[in-house]
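The structure under discussion appears below in the form of structure tokens.
The values are calculated or read from the model by the stated rules, or taken from the named source; none is laboratory data. As the structure is a prediction and not an experimental result, all values here were calculated from the model. Positions of Cβ are backbone-derived with ideal geometry, glycine not excepted, and every protein chain shown enters the neighbour counts. With ligands, DNA and RNA removed, areas are computed over all heavy atoms of the protein, side chains included. Shrake-Rupley method; radii C 1.70, N 1.55, O 1.52, S 1.80 Å.
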2 protein chains.
Amino acid sequence: MTDAAVLDALSAALPAVSLAIGEDIEPKYLSDWSGIAIESPLALVRPASVEEVSTALAICNRYGQAVTPQGGRTGLNGSAAPRRGEIVLSMDRFTGIEELDRTAGTMLVRAGTTLETIQAAADEAGWLVALDLGARGSCQIGGNISTNAGGNRVVRYGVTRAMVLGLEAVLADGSVISGLQPMIKNNAGYDLKQLFIGSEGTLGVVTRARLRLHPRPVARITALISADSFEDVTTLLRQTGAGLDGTLSSFEVMWQSFYRYIAEGCFDGKAPMPIDRPLYTLIETHCGEEERGREQMEAFLASMLEDGVIGDALIAQSEREADGLWAIRDMTGELTHLMADHMAFDIGVPLASMNAFVESCRARLATVIGDNAQVYYGHLGDSNLHLNVDASGVSVDGQGRDAHRQVDDAVYDEVRRFAGTITAEHGVGFFKRRYLGYCRSQAEIATMRLVKQALDPNGILNPGRIFT
Amino acid sequence: MTDAAVLDALSAALPAVSLAIGEDIEPKYLSDWSGIAIESPLALVRPASVEEVSTALAICNRYGQAVTPQGGRTGLNGSAAPRRGEIVLSMDRFTGIEELDRTAGTMLVRAGTTLETIQAAADEAGWLVALDLGARGSCQIGGNISTNAGGNRVVRYGVTRAMVLGLEAVLADGSVISGLQPMIKNNAGYDLKQLFIGSEGTLGVVTRARLRLHPRPVARITALISADSFEDVTTLLRQTGAGLDGTLSSFEVMWQSFYRYIAEGCFDGKAPMPIDRPLYTLIETHCGEEERGREQMEAFLASMLEDGVIGDALIAQSEREADGLWAIRDMTGELTHLMADHMAFDIGVPLASMNAFVESCRARLATVIGDNAQVYYGHLGDSNLHLNVDASGVSVDGQGRDAHRQVDDAVYDEVRRFAGTITAEHGVGFFKRRYLGYCRSQAEIATMRLVKQALDPNGILNPGRIFT
């Protein structure tokens, strides 16, 4: 009855091309990259304007109809895949770049535009979109904003939150909150855009954004560095401040477990550097002149070698060599295939205790997965640690927990012990909501619910995500 | 009756030293730097712990008693000065640095600590507190956070929001929301700290913060540059990206009106550079090695001279010379004395239309203040424009508006016409609330009220500030 009524109302209010029902929904709208089980949504709405987003939400709100906002479906927490009876709100017809200010370095973009499209337009205008991640060809900027995406350049440019100057979002009741101002500083009342960034579509649907661009670097200088201790790696990170001025754009660390596993699994054991050190660090600078950048990197690494901070260093002499140094780090997607039963974590741990965490977590996990692979790497400059685990062959335990549940419980309990976060990058969604209390207090979660209740009193936006 | 009841409850719950009533309140707690008229608060609470903050707020909330959270009282919008019958909640007894992590570069500080104390502690540990502003010796970090302070280095390090990793705040009902995590990336649920940053104490009282530090620069290179057109200045700003890599830390612009007024008013007409150009720009870099930084600055400015982008350039050869170049820019406090009836604005205007705004606003103001001084300067890299006006001698107009009201109306109407913001830096407080709708839509303001209602349903925190 209610289903029929909400569909009737949507049919009457939206152009036919913006609505698909039941079997007419293309399968691609049913899943995301998380591998969450497919369920049947009630309908698919694909608005071609902010007004259509507003109209659709106002109708759903009136009927208490659950809505799944959807971007490029590249997320890994299950937020964007519709659950049974939900209405998918895909932004993939609302695309394009509305403005590009070449003087100030700002862009006004529609939520459905892919990150790659935005990057290309900025590049052509002599500017850089700071955000970059592997899914760039598929992910949409609205999704990047809703999940506060990170990526490989956060150490220099910050997370997505830092590049959003203005934002337009539609609330559950259809109200359009348009704050597309392009200024870096604006203290006129509450900074509402912060509510919609990183809240996984539970507080509003992002429709347009004004992005801050950065000057396009002329060159990148890339180096692979080995180190004998985690303490040395943190010293290296700290020294980049003075040694590389503000040019450092990436600082990626790989524990030997990761470096060896990928080298052996994907490169026949061949690696740019011998696999005999405990840690490998990949650093990159963005600079305005190649020769100056190279000299600076050489001088910096020479001083670090002299001080005994690093073991060895390789500086790429060409773009091709730089790609070669990134190859192992960029092969993380292959872990899905290399591991028989692959599980990925995007946790965060305070820098000071990160290595102790890795050692503790490794020992703890060994009691669950035995000798199965567990590999560690991450964006060290951001306190973000990635961990991939092979959970194959683990039986249901005495408490009835399956393999994934046992691994999750172990990893997130370690995160709690070390005062880390269960998700530094991908968000909570469905998969981590059980563990939210491991890194947020009850008072924090209660306040999140207050905000949710204020902005979406009927609870129609992405229900069941983030909170249980 | 209610007054007596709330005072009785506070007396019973707090140590005597934490409470002063009526005439026992020291006068300094009654005003701030805004010059707002003094009124009599009911009492002054000076908690020495988070628990005391929580206790005091819970009692006030129960009685619907209005509370004025107060930091160093250096604000310019009137928020921190108590109105009649309010209870002042001063954080000046809750001070100190609880932790400083020299590896990760983070600090845990109490709200009442002055910015200068925090800066000194970081400096001693080899780190930099990015935030800096003239009131550093008096302003408190809790106030800096509550107003999302800016300052002179935003172009490189961002506003206060960018340096707050974790935050603890107490809600109106006394709930302690403690999220003091030190990680740069954390997407576990809503980022609640964003609500308390820049909301002028209307959503909660900031008690502690975990701050992100930056590597302490080894040297600063300072240059004063003249230019013939605003377009040239924006070209210069854009070119710093490639020319100075990531080292640019300040980019201050002064229109001739300002440069001349200060040079004549404070320096007997003597200025580091002749007063014959339309625009002057002060730029500074933070770098890890003085010689390298100086060479880079020289090469950059030489190329800008060659390209005809700039008129002339002076690079400071010593710290003393650098201070000399900053002298005119730093003399803004003197405007209060130089102008017979001084008014200050901290507006923001999109970069692309900033010069057109200045011309339009100048003509518009001339119809109000005649030949009185009006001087323009600002943090160009942040789209933040400062404007100081002498409103002396202006009579009440036909609509009964006094001088200040006429100037406010004119300036903010120009801001609205150019899609700017009424406050880029100092916040709304009492003085600008009438104009909030000039730069925020009704839907935005309605959503702000929803958030306010959710977190402070009895409206006890800083009532009357931001909104009318």
Select from segment A:114-161 the residues that are among the polar types (S, T, N, Q), more than 13 Å from chain B (Cβ to nearest Cβ) and farther than 22 Å from A:VAL53 by Cβ and list them in ascending order.
-> A:GLN119
Whichever residue in segment B:49-71 is touching a helix residue (DSSP H, G or I) at 6+ places or on another chain (Cβ under 6 Å) and assigned to a loop (DSSP other than H, G, I, E, B) and, among such residues, is farthest from B:ALA111 (Cα to Cα) | B:GLN65
Only residues that are hydroxyl-bearing (Ser, Thr, Tyr) and either over 24 Å from the mean Cα position of the chain (by Cα) or not in a loop (DSSP other than H, G, I, E, B) (or both): list them for segment A:85-120, please.
-> A:SER90, A:THR103, A:THR106, A:THR114, A:THR117
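Kindly provide the set of residues from segment A:235-262 that are within 12 Å of chain B (Cβ to nearest Cβ), among the polar types (S, T, N, Q) and not in a strand (DSSP E or B), ordered by number.
A:THR235, A:GLN239, A:THR240, A:THR247
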Which of the residues belonging to segment B:4-59 are acidic (Asp, Glu) and touching an Asp or Glu at 6+ places or on another chain (Cβ under 9 Å)?
-> B:GLU39
Quick one: is A:GLU39 in contact with a Lys or Arg (Cβ under 6 Å, 6 or more places away or on another chain) and either part of a loop (DSSP other than H, G, I, E, B) or modelled with pLDDT of 95 or more (or both)?
-> yes
Tell me, please, whether a residue that is assigned to a helix (DSSP H, G or I), crowded, with 16+ Cβ neighbours inside 10 Å, under 27 Å from the mean Cα position of the chain (by Cα) and at pLDDT 95 or above can be found in segment A:21-36.
-> yes
Which residues, taken from segment B:103-123, are open to solvent by 30 Å² or more (accessible area, probe 1.4 Å) and more than 19 Å from A:LEU237 (Cα to Cα)?
-> B:ARG110, B:THR114, B:GLU116, B:THR117, B:GLN119, B:ALA120
Hey, does segment A:192-214 have a residue that's over 20 Å from the mean Cα position of the chain (by Cα) and closer than 28 Å to A:PRO457 by Cβ?
-> yes
Within segment A:427-444, work out how many residues are open to solvent by 10 Å² or more (accessible area, probe 1.4 Å), within 7 Å of chain B (Cβ to nearest Cβ) and under 22 Å from A:VAL159 (Cβ atoms).
-> 3
Among (1) surrounded by fewer than 19 Cβ atoms within 10 Å (Cβ to Cβ); (2) in a loop (DSSP other than H, G, I, E, B); (3) touching a residue at least 24 places away in the same chain (Cβ under 8 Å), which single condition is B:GLY269 missing?
-> (3)
Flagged pairs (Cβ under 9 angstrom, 6 or more apart or on separate chains; first in segment B:283-298, more than 11 Å from chain A (Cβ to nearest Cβ) and open to solvent by less than 10 Å² (accessible area, probe 1.4 Å); second part of a loop (DSSP other than H, G, I, E, B) and among the polar types (S, T, N, Q)) are B:MET297/B:THR247
If a residue has to be in a loop (DSSP other than H, G, I, E, B) and either farther than 24 Å from A:SER54 by Cα or more than 10 Å from chain B (Cβ to nearest Cβ) (or both) to count, how many in segment A:445-464 make the cut?
-> 7
Kindly indicate the residue of segment A:356-379 that is within 14 Å of chain B (Cβ to nearest Cβ) and modelled with pLDDT of 95 or more and also least open to solvent (accessible area, probe 1.4 Å) among those meeting that condition.
-> A:PHE357
Members of segment A:162-171 found to be within 8 Å of another protein chain (Cβ to nearest Cβ) and open to solvent by less than 30 Å² (accessible area, probe 1.4 Å), listed by number | A:LEU171
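Which of the residues that make up segment B:241-266 are open to solvent by less than 10 Å² (accessible area, probe 1.4 Å) and under 18 Å from A:TYR157 (Cα atoms)?
Selection gives B:LEU244, B:THR247, B:SER249, B:SER250.
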What is the number of the single condition among (1) outside any helix (DSSP H, G or I); (2) over 20 Å from A:VAL154 (Cβ atoms) that A:ARG292 does not meet?
-> (1)
If we scan segment A:380-403, do we find a residue that is within 10 Å of chain B (Cβ to nearest Cβ), part of a loop (DSSP other than H, G, I, E, B), among the aliphatic types (A, V, I, L, M) and touching a strand residue (DSSP E or B) at 6+ places or on another chain (Cβ under 7 Å)?
-> no
Within the bounds of segment A:148-158, is there any residue that is open to solvent by less than 10 Å² (accessible area, probe 1.4 Å), over 30 Å from A:ASP245 (Cα atoms) and touching a Gly at 6+ places or on another chain (Cβ under 9 Å)?
-> no
Identity of the residue in segment B:172-187, out of contact with any helix residue (DSSP H, G or I) (no Cβ under 6 Å at 6 or more places or on another chain) and either aliphatic (A, V, I, L, M) or more than 10 Å from chain A (Cβ to nearest Cβ) (or both), that ends up farthest from B:VAL50 (Cα to Cα) | B:MET183
Output the residues belonging to segment A:445-468 that are under 22 Å from the mean Cα position of the chain (by Cα) and farther than 12 Å from A:SER199 by Cβ.
-> A:ILE445, A:PRO463, A:GLY464, A:THR468
Sort out which residues of segment A:60-77 are over 24 Å from A:GLY427 (Cα atoms) and open to solvent by 10 Å² or more (accessible area, probe 1.4 Å), and write them in order of number.
-> A:ASN61, A:ARG62, A:TYR63, A:GLY64
Which residues, counting only those in segment B:445-459, are surrounded by fewer than 16 Cβ atoms within 10 Å (Cβ to Cβ) and in contact with a Phe, Trp or Tyr (Cβ under 8 Å, 6 or more places away or on another chain)?
-> B:ARG449
Matching residues in segment A:396-422 (closer than 16 Å to A:SER441 by Cβ and open to solvent by less than 30 Å² (accessible area, probe 1.4 Å)) number 5
Of the residues in segment A:343-355, those that are part of a loop (DSSP other than H, G, I, E, B) and either modelled with pLDDT under 95 or out of contact with any helix residue (DSSP H, G or I) (no Cβ under 6 Å at 6 or more places or on another chain) (or both) number 1
Name the pairs whose Cβ atoms lie under 8 Å apart, with the first residue in segment B:73-85 and touching a residue at least 60 places away in the same chain (Cβ under 8 Å), the second open to solvent by 30 Å² or more (accessible area, probe 1.4 Å) and not in a loop (DSSP other than H, G, I, E, B), and 6 or more positions between them or separate chains?
-> B:ARG73/B:LYS28; B:LEU76/B:ALA344; B:GLY85/B:ASP3
Could you give every pair whose Cβ atoms fall below 8 Å, whose first residue belongs to segment A:30-47 and is within 14 Å of A:GLU86 (Cα to Cα), and whose second residue is open to solvent by 30 Å² or more (accessible area, probe 1.4 Å) and hydroxyl-bearing (Ser, Thr, Tyr), counting only separations of at least 6 or pairs across chains?
-> A:LEU30/A:SER40; A:ILE38/A:SER31
